Amino acid sequence: MYGNPLKILTVDDNPVDQKLIALALKKSVDINFSMLTAATLTEALDTIQRDKVDLLLVDLDLPDSSGLATLEQVVAAGHNLPIIAIINSSEEDQGVEAIRMGASDYLIKNNFPSDMLIRSIRHSLERKQIELELREARIQAETANAAKSNFLKNMSHEIRTPLTSIIGYTDLLADMNETTQSQKKYISTIRRNSEHLLVLIDDILDISKIEANSLILNPRKCCVAAVIADVASMLRVQATNAGLSLAADYTTEIPQTILVDEMRLRQILMNLIGNSIKFTNTGGIKVVTTFLRQWQQDKPAIKIEIVDTGIGICPEELPALYQPFVQVDLSSTRKHEGTGLGLAISKRLVELMGGKLEVDSQLGKGTRVVITIPTGPLNGVEMLAYPGESIVRNNYQEDAAISNKLTGIKVLLAEDSADIQRLLGAILTKAGAIVDKAGNGIIALKKAESKLYDVVLMDMQMPQKDGYETTSVLREKGYGAPIIALTAHAMIGDREKCLSCGCDDYISKPVNCERLIELIIKHTTPISNQTVESDEINNPVSGYEIPESIVSGYADDPEIADLLTDFITDLETRVETMWSTFTDKRYRELQRMAHQLKGAGGLYGYSMLTDLGALLENKVIAKDFDSARQILCKISLTTQSIMAGFGNTNNPVSNDLSAEVKPITSTV
C-alpha cells in the first residue's frame, strides 16, 4: 500500500524501546519498511542528512536534548518529513504542542499497542501527502494567478499603446480645417469604436481587481451634482440619437460636496445610465437624486435613482444580472454590445463605498436602479437648493477653460514609441508647450540633467533604461521638476509603483489629452499669482497664526481614521527630513518634498500644511532660502500643533515667531 520499502528512523536512546517499535511494525501486513535507529539528537540529524528517510519516530527526551527543543531541531532538519513524537505519560500537553509545532501525531511512551502505532503511521503519511498536494495546488494556483495578472498587464499594454495613437490622431484629423465631412464621419466612427474597445478593456481589468480584493478607492470631496450633470451631458447625445429623453432632477436639497471616489462614481453612473439607454426603445431616462439625512446607522447618504421606460426584466432573471459576463438572454446578448460586466462592477463598487445597489424591473414596463451611497462627514458643508442639471462647477473644481493653455511650459517627453512621440508632441505644441523628446531612459537622463524643464513626461516602459529606473536616478541626484508617469499598464499597484520611484503623478494610456494637459497645469502652475504685500516679502509666513492644536477636517470620519493616523505618525519624520535636506543644501529634493506636502496636507484635512508647502516650494524655486527657512520653522510649529490636536502631545505650541524656532528634533 505504501512505498517499497518505507525507511523509518526511530530516535530513542533505549534499545528495548527500539526493539518493541520494530516488533510492532512487523505485525503490519500492508507496511513494508526498513528501520534505522539513532540514540541521540546528533545521530538523528546526521542520519536525516545522510539517508533518504520517509518517516520519523522521535522520543523527545534524549541524552543531548529534551522536550520540545528536540522536536524543533528535528522539524528544522526534516524537510517536511512526517514526524510522530513519543512523549511521557505525564506530558500529554506537550504532545498537543508538538502537533502545533509541526509533528503529524504523538504517542505516549510504553502505552501504545501495535495497531495504534500502525494507525498513527498511516495517518501521518496520509496527512503529509495531503499537505504536499495542498501545497502544490496552492503553488499552482498562485502561479496561475500571477500568470493571469501578467497576461492582463501585457494585454493592457499591447492594446492601450496602439489605442493611444488611434484616438489621438483621430482628434488631430478631426480638428484639421481641410478635413471633409466624409472624412470626419469616418474619423468619428474610428474614435467611437476605439473608445468602446477601451471601455471593454477597463471593465475586464476592473472585475479582475474586484475579484482579487485589490481595488482601492480614492475618496475625496466632490460635487455629486456636477458629476451627474457631466455624465448626463456626455450621454445625452447617445440618448438623442436613439430618440430618447434624458433628464436629471432633484427631490431635495443636497450637500455641495460629499466624500467619495469621484472617478468610480462617474463610472457607476456611466454604466447604469448607459444601460438604460441601451435597453430603452421609446420614452426616456430620468436620473432622480435625493438627500437622506439619516440612512444606515443614522448616517447621511445620497440616493440616486435611474428610471427608464425600457424593455424591463423578468423578476426571476434579476439575480443573474449581478453575475459577471451575464446578460439577460441570448437575444439581448446578440443585439446589445458589451461584456455584461457593467452592472456587476457597479454593484461591487457601490458596496465597496459602503452603499447599496438595488434593481426593480417589470418586463415591458421599464427598470428602476437605485444606488445609495454614504456622503461621509458633512461638517461645514453647504447645501445646494434643488440644483437641477444646470449646476456649474464650483471654484474648488478645475476650470475647463484653462485645460488647453500650456504657453511657454518646457516639457521633456520621454517615450520610445515614435507614433506616440509625434502624437503627444503635436498635441502639447498645439497647446503652447515647448517640447523636447527622448527615445529612451538614457537620453532622458542626460537631457534632464543638462537642461531646465518645467515638467517631465516619463514613459515607464522604455529600452536600455526604463522609466522607473530613470526616475529613481533623477530623484537620487536631487532632480526637483515634476515627473508625470505615462504607462500602458493600468492594473492595481501600477500607480503606487510609479509614485514610489519618485513620480509626482500618473496617467495611463491611451492618454486622455485634456486630462494630460490638466495634470501638466496642476504641476507647473504656481499656487498663487496674487500680488504679494511687502510684509509678506520680508516674512513669508506673517499671515499665518497657529493655534495651540489643529484638528483635521476629517477627524470625525471613521473610514479614514487609520489613514489619518498613519499620516500623522509619518509627519514628524517627514519634517525632520525636510530640515536635513535644507541643511545639506539639497534644494531640488526639498522642492519635491514641499510639493508632496502641499498635496498631502489638504488631502488629510490640514489646509495650513498645503498653504505652507506651496509657499516653501515657491521660495525654493525662487532660491529665496532665508524665507524658505522661516517657512520650515512654521511647518515645524504647525506639525507640533497637529500632533497636539491629534492627542499625541499635551504641550502647547507657541505662536511667537520672533523667537528662534527649532525643527522638531534637528538643528539648523
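Would a scan of the stretch 126-135 turn up a residue that is of a type outside the set (D, E, K, R) and either buried (at least 16 other Cβ atoms within 10 Å of the Cβ) or not in a helix (DSSP H, G or I) (or both)?
For the stretch 126-135, residues of a type outside the set (D, E, K, R) and either buried (at least 16 other Cβ atoms within 10 Å of the Cβ) or not in a helix (DSSP H, G or I) (or both): absent.
Identify, from the list LYS19, LYS109, LYS7, LYS27, the residue that is over 24 Å from GLU131 (Cα atoms), open to solvent by 50 Å² or more (accessible area, probe 1.4 Å) and touching a Ser or Thr at 6+ places or on another chain (Cβ under 8 Å).
Criteria check complete, one pass: LYS27.
Within the stretch 618-638, work out how many residues are among the acidic types (Asp, Glu) and part of a helix (DSSP H, G or I).
Residues flagged as among the acidic types (Asp, Glu) and part of a helix (DSSP H, G or I) within the stretch 618-638 amount to 1.
Could you give every pair whose Cβ atoms fall below 6 Å, whose first residue belongs to the stretch 224-244 and is under 16 Å from ARG264 (Cβ atoms), and whose second residue is assigned to a helix (DSSP H, G or I) and open to solvent by 10 Å² or more (accessible area, probe 1.4 Å), counting only separations of at least 6 or pairs across chains?
Here the result reads VAL227/ARG266; VAL231/MET270, each pair linking the stretch 224-244 to a residue that is assigned to a helix (DSSP H, G or I) and open to solvent by 10 Å² or more (accessible area, probe 1.4 Å).
Quick check, is LEU445 open to solvent by 10 Å² or more (accessible area, probe 1.4 Å), within 14 Å of ILE483 (Cα to Cα) and not in a loop (DSSP other than H, G, I, E, B)?
yes
Does GLY366 qualify as being at pLDDT 85 or above and under 30 Å from ILE434 (Cβ atoms)?
Criteria not met by GLY366.
Which residues, taken from the stretch 260-293, are of a type in the set (Lys, Arg) and closer than 21 Å to GLY364 by Cβ?
Once the filter is applied, which keeps residues that are of a type in the set (Lys, Arg) and closer than 21 Å to GLY364 by Cβ, the stretch 260-293 yields LYS278, LYS286.
Tell me which residues, restricted to the stretch 236-256, are surrounded by 20 or more Cβ atoms within 10 Å (Cβ to Cβ) and either assigned to a helix (DSSP H, G or I) or under 23 Å from the mean Cα position of the chain (by Cα) (or both).
ALA239
Let's see how each residue does on (1) at pLDDT below 85; (2) under 22 Å from ARG122 (Cα atoms); (3) among the basic types (Lys, Arg):
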| site | (1), (2), (3) |
| --- | --- |
| ALA39 | no, no, no |
| THR42 | no, no, no |
| ILE99 | no, yes, no |
| ASN111 | yes, yes, no |
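If you check ASP54, ASP115, ASP46, which single one turns out to be open to solvent by less than 60 Å² (accessible area, probe 1.4 Å) and closer than 23 Å to LEU25 by Cβ?
None of the other options fit; the residue is ASP54.
Any idea which residue in the stretch 601-642 is nearest to the chain's Cα centre (by Cα), counting only those that are open to solvent by less than 10 Å² (accessible area, probe 1.4 Å) and small (Gly, Ala, Ser)?
Only one residue tops the list, namely GLY601.
Condition first: open to solvent by 40 Å² or more (accessible area, probe 1.4 Å) and among the β-branched types (Val, Ile, Thr). Can you find one or more residues in the stretch 257-271 that meet it?
For the stretch 257-271, residues open to solvent by 40 Å² or more (accessible area, probe 1.4 Å) and among the β-branched types (Val, Ile, Thr): absent.
Yes or no: ILE84 closer than 16 Å to LEU20 by Cα, among the aliphatic types (A, V, I, L, M) and part of a strand (DSSP E or B)?
Criteria met by ILE84.
The values are calculated or read from the model by the stated rules, or taken from the named source; none is laboratory data. Model, not experiment: these values are computed from the prediction. Glycine also receives a Cβ, built like all others from the backbone with ideal geometry; neighbour counts cover every protein chain displayed. Accessible surface is based on the protein model in full, side chains and every heavy atom, while ligands, DNA and RNA are left aside. Shrake-Rupley method; radii C 1.70, N 1.55, O 1.52, S 1.80 Å.
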